[in-house]
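The values are calculated or read from the model by the stated rules, or taken from the named source; none is laboratory data. Remember, it's a predicted structure, so these values are computed and weren't measured experimentally. Cβ atoms come from the backbone with ideal geometry, glycine included; neighbour counts cover every protein chain shown.
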């Protein structure tokens, strides 16, 4: 997705900066690397009738779906994460799903809002990227100003109620020594996917072509690098395609909700 020329990536110092720009339609692209140091999150919004099943799905699959907050029905502000936010307007782009089919991609969901909507705010691996950069571990998609590549795998999630389907992973190429350090660093961030689930042999998890991601954008993997895979909060979108609930709203992959929470407050130890 293209960024409007009125706003530059360096302009975003805080989570509120990003949310304000999204609300005013000044930023419509992916959020990796924006407001470094502030936690980012995935979003799933669905009617209360399906909310308990999805809550159980998240509880049974904490690696791809680590819950940061769940709102009351009709509430659109996750107060523990960003008390002045509005989940209807404060993301760059949303996806609307009906019966498992993607039917629209829009920048504001206010007109679709319902009193029975429950919002699930799910940890995102963009959060720990600032820690990787502080450790001088390059993050390829940030260097190239691209969306992170994401892949469906052959790893089935634990089902709950109507929800079932494959895990999605995000991939970052790294040298072996940086991959070891990345495992150590991201293990501290359990609320935003934690340590990688796989590295080195993508075919073992059903990924056949690193240059053909299911979501996001491809990045080069150099001969001296390993592909390193983390569980990804886009997993619910793959699950929606399988479960086919009547109506769900999600973020567009890579277009996250940027919170007021500092990433280090989510780190263990």
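Computed quantities for the displayed model
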{"quantity": "Index of the failed condition, residue 243 passing every other in (1) within 13 Å of the chain's Cα centre (by Cα); (2) surrounded by 20 or more Cβ atoms within 10 Å (Cβ to Cβ)", "calculated": "(1)"}
{"quantity": "Qualifying residue in the range 212-220 (condition: in a loop (DSSP other than H, G, I, E, B) and free of Cβ contacts under 8 Å to residues at least 60 places away in the same chain)", "calculated": "yes"}
{"quantity": "Options 194, 254, 216; residue that is in the same structural domain as residue 116 (by TED's automatic domain parsing), within 23 Å of residue 132 (Cα to Cα) and within 15 Å of the chain's Cα centre (by Cα)", "calculated": "254"}
{"quantity": "Residue 27, sole failed condition from (1) over 14 Å from the mean Cα position of the chain (by Cα); (2) modelled with pLDDT of 95 or more; (3) not in a loop (DSSP other than H, G, I, E, B)", "calculated": "(3)"}
{"quantity": "Conditions (1) free of Cβ contacts under 8 Å to residues at least 40 places away in the same chain; (2) closer than 29 Å to residue 46 by Cβ; (3) more than 20 Å from the chain's Cα centre (by Cα); number of the one not met by residue 156", "calculated": "(3)"}
{"quantity": "Selection from the range 90-136 of residues that are part of a strand (DSSP E or B), farther than 19 Å from residue 30 by Cβ and in contact with a strand residue (DSSP E or B) (Cβ under 6 Å, 6 or more places away or on another chain)", "calculated": "97, 103, 117, 119, 120"}
{"quantity": "Filter result for residue 45 (touching a strand residue (DSSP E or B) at 6+ places or on another chain (Cβ under 8 Å), without any contact (Cβ under 8 Å) to a residue 24 or more places away in the chain and closer than 14 Å to residue 248 by Cα)", "calculated": "no"}
{"quantity": "The range 100-111: number of residues that are surrounded by fewer than 12 Cβ atoms within 10 Å (Cβ to Cβ) and either under 12 Å from residue 244 (Cα atoms) or touching a helix residue (DSSP H, G or I) at 6+ places or on another chain (Cβ under 9 Å) (or both)", "calculated": "1"}
{"quantity": "Residue count for the range 133-146, restricted to those that are out of contact with any helix residue (DSSP H, G or I) (no Cβ under 8 Å at 6 or more places or on another chain) and surrounded by 18 or more Cβ atoms within 10 Å (Cβ to Cβ)", "calculated": "2"}
{"quantity": "Criterion (buried (at least 20 other Cβ atoms within 10 Å of the Cβ), in a strand (DSSP E or B) and touching a helix residue (DSSP H, G or I) at 6+ places or on another chain (Cβ under 7 Å)) met by exactly one of 82, 35, 39", "calculated": "39"}
{"quantity": "Residue list for the range 147-187, filter: out of contact with any helix residue (DSSP H, G or I) (no Cβ under 8 Å at 6 or more places or on another chain), surrounded by fewer than 23 Cβ atoms within 10 Å (Cβ to Cβ) and not in a helix (DSSP H, G or I)", "calculated": "156, 175, 187"}
{"quantity": "Which listed residue, of 219, 192, is farther than 22 Å from residue 50 by Cβ, buried (at least 22 other Cβ atoms within 10 Å of the Cβ) and modelled with pLDDT of 95 or more", "calculated": "219"}
